[in-house]
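The values are calculated or read from the model by the stated rules, or taken from the named source; none is laboratory data. All values reported here derive from a predicted model rather than from experimental measurement. Neighbour counts are summed over all protein chains in view; Cβ atoms, including those assigned to glycine, are modelled from backbone coordinates with ideal geometry.
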Amino acid sequence: MKNRRSNISDSVRYELEFNKVLDLLEAYSKSTANRERIQQLSILHSPKILNYHLSCLQEYSSIQSDSNFPRFEYLDLLEVLKYLKIENSLLTEDQFFEIYFASNWVNSLIQFISNNEYEIPTILQLIGDLKKSAIIKKRIEKVFTPRRFIRSNASEMLFSIREEISKKRSHVDKHFQETMSHYTHLGFLDDIKESFADGVSLLAVSSEYKRKVKGQVRTQSKTKSISFIEPEKCISLNRELSHLYEEEKEEIHRVLKQLTADLAEHIDKIEAFKNLIEEVDFLNAKLKLAEVMHASRPNVSHSREINIKSAYHPLLLIENNKRGLNTIPQDIYFDDINRVIVISGPNAGGKSITLKTFGLNQLMLQAGLFIPVHPNSSMSVFHNIFTDIGDNQSIENELSTYSYRLKRMKDILLNAGKSSFILIDEFGSGSDPALGGELAGVFFKEIVKSGAYGVLTTHYGNIKVLTDQTEFAENACMLFDDEALNPLYKLKLGQPGSSYTFEVAKNVGLPQDLINEARAGLKHGTVRFEDTIHHYQKLTTELQLSKEALSLQEMQVSASKREYHSKLILLEEKLESQRDIMEYESKYLQLGKRINKLIDLYRKGSAMNSILPRLKKIIELESNRKVDNNEDSKLLQKRKSRTKEIFKLGEQVRIEGTNQQGEILELKSSSALLQIGFAKMEVKFEKLEFITVK
């Protein structure tokens with residue numbers, strides 16, 4: 001599918017640190033071509049195309065655990081293809097086997113995909129028109145053995161040459177052994193007797209006897225005590241052998257050149273091998289990045305409603321995991337009524353990182369990557385993403401920070417529309433608070449009017465008031481522990497946040513009289529407004545903390561209750577089973593007593609004719625009695641009764657009899673849709689068991 005690149009500037013990528021994510025992704029790729037592709041990764045704005053790429057990645061992750069999936073080893077066919085395009089070229093042995101292994105792997109992959117085509121329809125599209133074929137494999141196997149030796153039957157000429165070499169070699173060995181035996185008997189040879197040089201066997205003759213040995217001296221030992229002589233009878237044969245070896249070398253060269261030419265006829269197929277291997281390497285890199293970020297696939301649609309749950313900043317999450325630190329996830333909600341969220345709160349309270357969290361996750365998603373959010377999150381796509389984050393003073397253009405920000409704001413107001421996502425940190429700052437605040441208010445109204453979605457952070461009181469009064473905009477705050485004066489790094493929608501200016505100043509040790517003097521210098525309305533926000537944020541934080549504590553307790557109680565209920569069902573099943581066993585044993589005990597009574601009568605002399613009718617009657621009664629022997633069906637009915645239990649969305653459960661744990665994403669009439677790792681799986685209720693929440 002074609003990738004249409006959206007209008008996302010380099011400054012946006014840089015400010016959201018998207019380049020750092022690409023560096024991580026690049027490190028997981030083995031392909032040079034893919035490394036270049038990753039650094040120029042397209043940002044997609046079509047939900048259909050984006051879902052295709054996400055489905056590819058999700059299907060690839062699902063088949064990784066399959067034992068039948070062919071193990072992926074990256075093979076670089078770029079150089080091979082370059083040589084195949086050159087007339088009369090000759091591939092190396094390694095290059096022939098790169099093609100061979102690529103052909104084998106692609107054939108195995110095609111076979112695997114055709115066996116599972118209904119489970120992985122998107123991966124199936126990667127193959128395209130490529131069909132399973134053994135032509136290339138057989139052509140290479142006709143020339144090479146599995147140990148990379150050239151086969152003698154690779155050509156008739158090579159077979160003939162090697163047969164002749166074998167005969168000559170046999171004659172040489174025979175003459176050499178005879179000669180060595182003769183001179184050994186005469187005592188002319190050194191203890192080592194023989195040596196080997198330049199493919200020729202030589203006699204190790206003590207130098208004092210060298211003139212008595214017929215042949216050609218080829219070399220001597222360092223002390224010149226030993227002369228290495230080629231026997232006279234072997235000289236001509238060795239010369240002939242040398243010529244044959246040259247002929248063999250020339251014939252092998254001709255065979256390999258012909259094999260190269262034959263493979264060049266299949267260059268389109270080998271090019272298809274390369275493309276498929278590159279795609280799988282790309283998927284492999286994306287999957288490894290997703291694993292290190294604990295990322296998943298959210299729902300993506302054309303809808304303007306966006307509900308992001310448990311979003312983590314990808315880079316912060318990786319860094320904190322390395323250091324063993326906890327990372328706080330964030331939730332946010334947008335729709336046509338609340339398009340612009342304005343976040344306020346104290347410095348170092350997490351406003352900027354929260355804004356970047358949503359921006360970076362949006363960029364990563366539109367690049368076809370999984371992101372660290374809850375899989376039940378709903379997201380959309382944007383054609384444009386605008387940012388203004390951090391100190392962007394330009395020395396080259398002699399622009400101050402504020403001038404630069406005004407220039408960025410002008411660009412945003414000129415180009416933002418309904419398909420835009422705007423992220424502005426410290427909105428309105430950089431100038432006189434009164435004047436800058438008023439100008440920021442005008443900008444704010446224009447941003448809302450444009451129809452764009454956005455996240456803005458600010459300290460300006462007038463922007464908080466304006467947000468509360470403006471349709472399609474909503475205030476939000478970063479929660480703050482008022483007593484400990486510590487940020488909680490948690491976003492809360494629905495009300496503005498206090499800057500806690502005086503509280504933080506007091507916490508760092510500034511004298512109270514200075515703080516009081518500064519507070520007295522403020523306008524009465526400003527003090528009242530800030531105090532009101534402060535008061536409500538304190539109440540909100542307390543309520544939120546209480547709510548979270550209560551929610552955790554409810555989860556623990558609910559989980560304990562469900563675990564108890566589950567154990568109770570198992571206990572009832574065991575008791576029922578014991579009762580069935582006792583009834584069974586009691587029945588057959590009574591039957592045994594009746595039969596033993598008849599046996600005693602027989603032993604005491606009763607005639608068989610009188611005993612047999614009574615035994616026959618016992619047998620008839622037992623055979624006519626309706627006995628339910630299907631204990632398994634009883635157990636199954638009891639297990640099916642578990643379907644009536646109430647499961648909850650988001651609950652952690654385990655598939656009975658396995659170690660697979662997952663979260664309930666959706667509840668159906670008789671089954672639950674679970675998120676297990678990167679995969680989603682539908683499981684019947686009777687096969688699920690609860691996990692105790694700690």
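What to note about this one:
- Top-ranked residue in the stretch 242-265 [being in contact with a helix residue (DSSP H, G or I) (Cβ under 6 Å, 6 or more places away or on another chain) and more than 30 Å from Asp198 (Cβ to Cβ); ranked as surrounded by the fewest Cβ atoms within 10 Å (Cβ to Cβ)]: Asp262
- The stretch 330-341, residues that are assigned to a loop (DSSP other than H, G, I, E, B) and either of a type in the set (S, T, N, Q) or touching a Cys at 6+ places or on another chain (Cβ under 8 Å) (or both): Asn338
- Considering (1) among the aliphatic types (A, V, I, L, M); (2) assigned to a loop (DSSP other than H, G, I, E, B); (3) out of contact with any helix residue (DSSP H, G or I) (no Cβ under 7 Å at 6 or more places or on another chain); (4) crowded, with 16+ Cβ neighbours inside 10 Å, the lone condition that Leu75 does not fulfil carries the number (3).
- Only one of Thr354, Thr387 that is assigned to a strand (DSSP E or B) and either farther than 25 Å from Leu22 by Cβ or among the β-branched types (Val, Ile, Thr) (or both): Thr387
- The stretch 664-680 - residue that is on the phi < 0 side of the Ramachandran plot and in contact (Cβ under 8 Å) with a residue 24 or more places away in the chain and, of those, farthest from the chain's Cα centre (by Cα): Ser670
- Flag if Ile332 is more than 30 Å from the chain's Cα centre (by Cα) and either crowded, with 23+ Cβ neighbours inside 10 Å or farther than 15 Å from Phe427 by Cβ (or both): no
- Test: residue in the stretch 663-686 that is at pLDDT 80 or above, within 25 Å of Gln553 (Cα to Cα) and exposed (fewer than 14 other Cβ atoms within 10 Å of the Cβ): yes
- Output for the stretch 188-203, where each listed residue is within 60 Å of the chain's Cα centre (by Cα) and either closer than 21 Å to Ile165 by Cβ or touching a residue at least 40 places away in the same chain (Cβ under 8 Å) (or both): Phe196, Ala197, Asp198, Gly199, Val200, Ser201
- Leading residue by the ranking (surrounded by the most Cβ atoms within 10 Å (Cβ to Cβ)) among those in the stretch 457-491 that are over 24 Å from Asp388 (Cβ atoms) and touching a strand residue (DSSP E or B) at 6+ places or on another chain (Cβ under 7 Å): Phe480
- Yes/no for Leu50 being in contact (Cβ under 8 Å) with a residue 40 or more places away in the chain, among the hydrophobic types (A, V, I, L, M, F, W, C) and part of a loop (DSSP other than H, G, I, E, B): no
- Checked across the stretch 90-112, the condition of being β-branched (Val, Ile, Thr), outside any loop (DSSP other than H, G, I, E, B) and without any contact (Cβ under 8 Å) to a residue 24 or more places away in the chain holds for at least one residue.
- Within the stretch 448-468, the set of residues being over 23 Å from Ile308 (Cβ atoms) and of a type in the set (Lys, Arg) comprises Lys449 only.
- Picking from residues in the stretch 297-329 that are in contact (Cβ under 8 Å) with a residue 12 or more places away in the chain, of a type in the set (S, T, N, Q) and assigned to a loop (DSSP other than H, G, I, E, B), the one that is surrounded by the most Cβ atoms within 10 Å (Cβ to Cβ) is Thr327.
- If only residues of the stretch 438-454 that are over 13 Å from Arg339 (Cβ atoms) and of a type in the set (A, V, I, L, M) are counted, the one that is surrounded by the most Cβ atoms within 10 Å (Cβ to Cβ) is Ala440.
- Within the stretch 69-98, the residues that satisfy the criterion of being hydrophobic (A, V, I, L, M, F, W, C) and within 18 Å of Thr32 (Cβ to Cβ) are Phe72, Leu75, Leu77, Leu78, Val80, Leu81.
- Per-region count, the stretch 187-230, residues surrounded by fewer than 17 Cβ atoms within 10 Å (Cβ to Cβ), charged (D, E, K, R) and part of a helix (DSSP H, G or I): 3
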